[in-house]
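Beneath this line is the structure, given in structure tokens, with notes to follow.
The values are calculated or read from the model by the stated rules, or taken from the named source; none is laboratory data. None of these values were measured; they are calculated from a predicted model. Note: ideal-geometry Cβ built from the backbone for every residue, glycine included; neighbour counts use all protein chains shown. Calculation scope for accessible area: heavy atoms of the full protein, side chains included, ligands and nucleic acids excluded. Shrake-Rupley method; radii C 1.70, N 1.55, O 1.52, S 1.80 Å.
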Amino acid sequence: MNDERFDGLLLNMAQQHQGIDALLDSMFGFLRRKTDFFTGTGAAGARDALLRAYERQERVVAASLKQQKPKTVIKEVKEPKVTVVETPEEVLARETAELTKRTAGTDAEVIPGDEAEGESAEDKGQAPNSGNGGTGPGYVWTQVLAEVEVRVPILMGTRARALDVQLGPTRLRVAYRNAPNEPLIDGPLFATVRSDDSVWTIEDSSVLVLTLSKQNQMEWWTSVVQG
């Protein structure tokens, strides 16, 4: 029932007919003209032979379909993504908190001579972080005897030309050029700095880092700006 010897010939015939009816007409016309298919066994015999051939092929198709296992298609359901949009103020607050967490430490170094006799850390207010600095409004700072480092979180992707940084001997001002009335830092410095030796840069496209060179390099600061 799987004789494929005549597939080429029959395929060529099928390609030359338009539809199954035309193909069957040609095949039965051949049987009528060249064989005794219709006359040898009578009309009933011809129909029975035709039906038996059809049923044999039908059983082959049914068995083939039964052997084929249905494929289970598992569709991945993707959860919709929710994008949280932060305001510039929220970004600044979050990044300041992250900087504070990275720089603050419970085992802070005690600055020699900084504690008065009988005065506790609680009496002095905020304890210094592990870099002998602290946290200001919107920034974190650390220091050594020679210099002070101030780290200010800024909007991701901010470029240097978008900032207005005024670093003088006695005053520091940092603001976005498009928001001059909302400075990030603005005030007189705790002590005089060498402005020519002080620099600033942007780190990781999200943090402004200012390095202030102290004029008195034997002095410990208690804040970056006064007040």
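Things to note:
- Residue in region 168-202 that is surrounded by the fewest Cβ atoms within 10 Å (Cβ to Cβ), counting only those that are touching a Lys or Arg at 6+ places or on another chain (Cβ under 8 Å) and either of a type in the set (A, V, I, L, M) or in contact (Cβ under 8 Å) with a residue 40 or more places away in the chain (or both): Pro169
- From Asp21, Asp36, Asp3, residue being under 29 Å from Ala63 (Cα atoms), acidic (Asp, Glu) and either assigned to a helix (DSSP H, G or I) or modelled with pLDDT of 80 or more (or both): Asp21
- Residues that are under 60 Å from the mean Cα position of the chain (by Cα) and open to solvent by 60 Å² or more (accessible area, probe 1.4 Å), drawn from region 13-37: Gln15, Gln16, Gln18, Ile20, Asp21
- Residue tally, condition at positive phi and open to solvent by 90 Å² or more (accessible area, probe 1.4 Å), over region 38-59: 0
- Qualifying residue in region 190-197 (condition: modelled with pLDDT of 95 or more and either small (Gly, Ala, Ser) or in a strand (DSSP E or B) (or both)): yes
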